[in-house]
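Reading through the structure tokens given below for one structure.
The values are calculated or read from the model by the stated rules, or taken from the named source; none is laboratory data. The structure presented is a predicted model; accordingly, all values stated were derived computationally and were not measured. Please note: Cβ atoms are built from the backbone with ideal geometry, for glycine as well, and neighbour counts cover all protein chains shown.
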Amino acid sequence: MWDDRPSLRFGKAFRMDFRLKLQADVRASSQDLAPVGGTFEMGRKRVGIKGAVLQRLEYEVEVEIGDPSPWRDVFLDIKIASAAQVKGGKFKVPFSLEELTSPTELDFVYRPRVVDALAPARDIGGMVHGRLFKKVLHYQVGAFQHDGDGPKTLEPPPLVPGEVAGLRGRAYAGRVVVAPFRAASGYKALKTLEIGGAMVTTTVPEGMNNLQGRSVFDGHFFPRSLYVNGPRVRTGFELNWMPGPASIRAEYLRATDAREGQGVGDEHQIDSTLVALAGQGWYVSGTWVLTGEKTDGGVVAKRPLFQGGFGALQVGARYETLWFGTPGATGPPSTSPRTSQAMENRDSVVTIGVNWYVNRWVRVQGNAIHETFLDPARSPIPGRASFWSGVCRLQFVL
């Protein structure tokens with residue numbers, strides 16, 4: 001059969017949907033884009049299947065065509081009850097609302113810098129999850145092989161001659177989201193309000209394994225050049241509200257990398273433990289569908305193009321910031337790999353966007369992006385603290 005996409009179905013016993021996701025971007029920036037692929041990028045070329053067996057077992061397999069590491073989501077999800085499901089395979093670690101949102105459903109072309117830098121993305125593992133109290137509370141608890149494969153631009157750690165890259169430890173993750181007004185009578189405008197928190201912990205091996213800061217178009221502003229060792233802890237808080245044609249979304253994320261025994265030492269000790277390196281930031285965004293469609297569940301054009309209408313038109317704006325440094329450290333700031341106080345830097349970004357939902361399969365997005373860096377010397381354009389960029393994306397989802 002064919003509804004939104006090609007599908008095989010046998011009553012309620014079996015369903016297999018065939019998926020295709022294509023995204024093509026045209027980009028412009030004051031930053032030199034040649035090192036990151038130029039002004040045109042085929043952002044995603046994904047194919048996959050998704051379905052269910054006996055309404056108890058859900059599955060998904062998704063592959064990125066032409067990628068050296070092609071496997072994206074590959075998992076089975078067994079529904080014991082609405083309050084208890086067991087998921088296993090490769091999928092996203094439960095951390096960050098924006099990271100857990102499909103790239104084809106994002107309000108803006110790119111995720112916020114803080115999410116790209118600090119959210120772990122996918123890994124191999126298992127998770128128990130479910131919804132309680134009439135879907136007022138949603139929980140996710142899991143263990144994973146490592147702490148994710150994201151971001152995709154994270155570079156391998158620099159190694160000195162003879163050094164071997166260590167393996168990150170097993171990661172443990174938990175996330176809880178509460179919709180306080182979902183089951184309440186009245187409060188119609190607040191029923192879609194959700195508030196949540198999440199944490200991921202793992203152990204990072206000794207080496208230049210710190211998380212790094214990159215601009216929208218992958219320019220370094222805080223490189224992977226500091227020695228870390230020990231626990232990595234990520235924490236996050238989120239808010240999501242979709243009243244009618246509007247939406248408001250916000251998150252605060254923080255990650256710390258321990259630096260146990262990474263100092264140069266003094267007369268009392270050979271190696272000193274340094275203040276942990278921290279990356280932290282937040283964003284707040286808002287959108288409005290000018291044509292009146294609801295945002296809850298995804299914008300679906302009531303009157304698609306060539307079917308009696310123009311489609312759906314949505315406008316939005318987002319402010320975000322991502323900072324790296326060593327809060328509480330003493331001593332002169334430095335970029336030395338074993339400095340006690342890392343020289344801080346920050347990227348603050350304003351994005352203004354327009355989304356045109358042509359029909360159920362096609363969307364056109366346009367974003368104007370303004371970035372400002374704390375340290376102009378470590379901006380993607382050295383000596384220039386701020387600049388504009390722009391991107392237009394054509395998206396096809398089947």
Filtering the range 29-69 down to residues that are more than 23 Å from Leu106 (Cβ to Cβ) and of a type in the set (Gly, Ala, Ser) yields Ser30, Ala34, Gly51, Ala52
Answer yes or no as to whether Arg19 is basic (Lys, Arg) and more than 25 Å from the chain's Cα centre (by Cα).
no
Looking at (1) in contact with a strand residue (DSSP E or B) (Cβ under 6 Å, 6 or more places away or on another chain); (2) in a strand (DSSP E or B), find the lone condition where Phe387 falls short.
(1)
For the range 174-197, how many residues meet the condition of being farther than 23 Å from Ile248 by Cβ and in a loop (DSSP other than H, G, I, E, B)?
1
Among the listed residues Leu322, Leu277, identify the single one that is under 26 Å from Ser96 (Cα atoms), among the aliphatic types (A, V, I, L, M) and touching a helix residue (DSSP H, G or I) at 6+ places or on another chain (Cβ under 7 Å).
Leu322
For the range 292-314, what are the residues that are free of Cβ contacts under 8 Å to residues at least 40 places away in the same chain and surrounded by 13 or more Cβ atoms within 10 Å (Cβ to Cβ)?
Lys302, Arg303, Gly309, Phe310
Check the range 77-93 and report whether any residue there is buried (at least 17 other Cβ atoms within 10 Å of the Cβ) and under 30 Å from Phe387 (Cβ atoms).
no
Unique residue being in contact (Cβ under 8 Å) with a residue 12 or more places away in the chain and within 23 Å of Arg170 (Cβ to Cβ) when the list is Ala81, Ala121:
Ala121
If you check every pair at least six apart or on different chains, which have Cβ atoms under 7 Å apart with a residue in the range 232-245 that is free of Cβ contacts under 8 Å to residues at least 40 places away in the same chain first and a residue that is of a type in the set (Val, Ile, Thr) second?
Val233/Thr201; Val233/Thr256
Filter result for Gln31 (in a strand (DSSP E or B) and buried (at least 17 other Cβ atoms within 10 Å of the Cβ)):
no
Can you name the residue in the range 117-139 that is modelled with pLDDT of 95 or more and charged (D, E, K, R) and, of all such residues, is farthest from Ala184 (Cα to Cα)?
Asp123
Of those in the range 34-59 that are over 22 Å from the mean Cα position of the chain (by Cα) and of a type in the set (A, V, I, L, M), the residue farthest from Gln395 (Cα to Cα) is Leu54
Which condition number does Val200 fail, the rest of (1) assigned to a strand (DSSP E or B); (2) touching a Pro at 6+ places or on another chain (Cβ under 8 Å); (3) surrounded by fewer than 22 Cβ atoms within 10 Å (Cβ to Cβ); (4) β-branched (Val, Ile, Thr) being met?
(3)
When every residue in the range 209-251 that is surrounded by fewer than 22 Cβ atoms within 10 Å (Cβ to Cβ) and acidic (Asp, Glu) is compared, the one nearest to the chain's Cα centre (by Cα) is Glu238
For the range 322-360, which residues satisfy the criterion of being farther than 20 Å from Val391 by Cβ, in contact with a strand residue (DSSP E or B) (Cβ under 7 Å, 6 or more places away or on another chain) and among the β-branched types (Val, Ile, Thr)?
Thr326
Counting only residues that are among the hydroxyl-bearing types (Ser, Thr, Tyr) and free of Cβ contacts under 8 Å to residues at least 60 places away in the same chain, which one in the range 177-209 is farthest from Asp296 (Cα to Cα)?
Thr203
Residue match in the range 92-113 (condition: farther than 25 Å from Thr287 by Cα, of a type outside the set (A, V, I, L, M, F, W, C) and outside any loop (DSSP other than H, G, I, E, B)):
yes
